[in-house]
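Let me begin by presenting the structure, written as structure tokens, before commenting on it.
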Amino acid sequence: MARTAALPAVAILIIGYFASAALVGPNGLLALGGYKRELRVKSEELQRTQAMRDRLRHHAELLNPAKVDPDFGDELVRRSTGQVRPDEIIIPRN
């Protein structure tokens, strides 16, 4: 009798193992909430990175050697030479 019940018992144990892995495993249904939370955090980080990239692209366009923006160039020179304070707003006269 034990021999006849051994094969179905092993099959039930294997099915149980895979069912429990599908529920509570690292890629199971219960991990779905963590993936959604991680996706939201990564999406916010992507938006911040894209905004920074757009700002840097705009600054690079202002410093294009063919047509440098004089106001932005003056601001960068004054800031790098220490002629401006952090709370100062630069308003060129030209």
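The values are calculated or read from the model by the stated rules, or taken from the named source; none is laboratory data. These figures come from a predicted structure and were not determined experimentally. Note that each Cβ is placed from the backbone with ideal geometry, even for glycine, and that neighbours are counted across all protein chains shown. What goes into the accessible areas is simple: the full protein's heavy atoms, side chains included, and nothing from ligands, DNA or RNA. Shrake-Rupley method; radii C 1.70, N 1.55, O 1.52, S 1.80 Å.
Would you pick out the residues in segment 5-27 that are open to solvent by less than 80 Å² (accessible area, probe 1.4 Å) and of a type in the set (A, V, I, L, M)?
If the condition is that a residue be open to solvent by less than 80 Å² (accessible area, probe 1.4 Å) and of a type in the set (A, V, I, L, M), then A5, A6, A9, V10, A11, A19, A21, A22 are the ones that fit.
Please list, ordered by first then second residue, the pairs with beta carbon atoms under 6 Å, 6 or more apart or interchain, first in segment 1-25 and modelled with pLDDT under 90, second surrounded by 10 or more Cβ atoms within 10 Å (Cβ to Cβ) and assigned to a helix (DSSP H, G or I).
If the second residue must be surrounded by 10 or more Cβ atoms within 10 Å (Cβ to Cβ) and assigned to a helix (DSSP H, G or I), the pairs left are L23/L29; V24/L30.
Do we have any residue at all in segment 87-94 that's loosely packed, with under 11 Cβ neighbours inside 10 Å, within 28 Å of the chain's Cα centre (by Cα) and not in a helix (DSSP H, G or I)?
For segment 87-94, residues loosely packed, with under 11 Cβ neighbours inside 10 Å, within 28 Å of the chain's Cα centre (by Cα) and not in a helix (DSSP H, G or I): absent.
Please work out which one of (1) surrounded by 10 or more Cβ atoms within 10 Å (Cβ to Cβ); (2) more than 30 Å from V77 (Cβ to Cβ) is the condition A2 fails and give its number.
(1)
So, in segment 1-47, exactly how many residues are over 18 Å from the mean Cα position of the chain (by Cα) and in a helix (DSSP H, G or I)?
Going through segment 1-47 one residue at a time, the tally reaches 27.
Condition test on L30, is it at pLDDT 80 or above and open to solvent by 100 Å² or more (accessible area, probe 1.4 Å)?
yes
Within segment 58-70, is there a residue that is in a helix (DSSP H, G or I), at pLDDT below 85 and surrounded by fewer than 10 Cβ atoms within 10 Å (Cβ to Cβ)?
no
On the given criteria, is R48 open to solvent by 90 Å² or more (accessible area, probe 1.4 Å), charged (D, E, K, R) and either at pLDDT 85 or above or closer than 27 Å to E88 by Cα (or both)?
On the way: open to solvent by 90 Å² or more (accessible area, probe 1.4 Å): yes; charged (D, E, K, R): yes; either at pLDDT 85 or above or closer than 27 Å to E88 by Cα (or both): yes.
For R48, the condition - open to solvent by 90 Å² or more (accessible area, probe 1.4 Å), charged (D, E, K, R) and either at pLDDT 85 or above or closer than 27 Å to E88 by Cα (or both) - is met.
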